[in-house]
1. At 1.4 Å probe size, with every protein chain present, just tell me what the per residue accessible area of region 1-41 comes to in Å².
2. Take peptides 110-120, 40-50 and line them up by average Cβ neighbours within 10 Å, highest first, as a rough protection proxy.
3. Can you tell which of MET91, MET29, MET158 shows the greatest fluctuation in a Gaussian network model of the chain with Cα springs below 10 Å?
4. How large is the helix-only mean residue ellipticity at 222 nm for the chain, computed as the sum of -39500 (n - 2.57) over DSSP H runs with n ≥ 4, divided by its residue count, in deg cm²/dmol to the nearest 500?
5. Straight-line reach only, C-alpha to C-alpha below 20 angstrom: list the aspartates and glutamates that LYS72 could link to, leaving out same-chain residues fewer than 8 apart.
6. How much net charge surrounds HIS13 when only other residues with a Cβ under 13 Å from its Cβ are counted (Lys, Arg +1; Asp, Glu -1)?
7. For the chain, what does the relative contact order come out to in percent, with C-alpha contacts under 8 Å and a separation of six or more?
8. Where does the charge balance sit around LEU161 when Lys and Arg score +1, Asp and Glu -1, over other residues with C-beta under 14 Å from its C-beta?
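The values are calculated or read from the model by the stated rules, or taken from the named source; none is laboratory data. In this text the structure is predicted, and so the values were computed from the model without any measurement. Positions of Cβ are generated from backbone atoms using ideal geometry, with glycine treated the same way; all protein chains shown enter the neighbour counts. To get the accessible areas, we keep the full protein, side chains included, count just its heavy atoms, and leave off ligands, DNA and RNA. Shrake-Rupley method; radii C 1.70, N 1.55, O 1.52, S 1.80 Å.
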Amino acid sequence: MKQLSDLLDTVLHDRDLSPDSVPGLDLYMDQVLTLFNEGLQENKRHPEDKLLTKTMINNYSKEKLLLPVKGKKYTRQHIIQMLCIYQLKQMLSLADVKALAGREDVDFETCFNRFLTHKDRLRAIISSELAPYLDTDLSDPNEVLPFCLTLSAAATYMQRLCQQIIDARAAESE
């Protein structure tokens, strides 16, 4: 079994698509799917997993998570908006994702670039915070369970913080 330090290294070196890597030309849905599924393939848990599907994109459009599409092509703005949705839907409900990313008053490129900067800083923080746990014996279920419970609690705190921010914004706009 891999050591925790190896697993942590793998997790913290996930792949991101930067706005600079998104073509300036409008793309058809199949091209968008290829961009996501090939560009972010290292982030898949299993090789056969799909990070984005036609059904997902159609649902995002129906639920008004995506800006309206003109014709059958997706602009850079749409693709970067989809990158935001991809990140947010890992932890938040679609209603919460819509509250954050289903807006016309957001500069998605600027926001996503800022996110990537914050994410780099977060990687360093996570590494240093988990350093005391690097000797966890991953073959011992009595060590693995409490460690995974602790990680789950940390993820829950972050999820709740996002939800509180979304709820506070909604209350202000009422």
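1. Using a 1.4 Å probe on heavy atoms only, each residue of region 1-41 averages 61 Å².
2. Answer by packing, highest mean first, reads 110-120, 40-50.
3. Greatest mean-square fluctuation among the candidates belongs to MET158.
4. -20000 deg cm²/dmol
5. Output for LYS72: ASP26, ASP30, GLU63, GLU104.
6. -3
7. Relative CO of the chain lands at 26 percent.
8. 0
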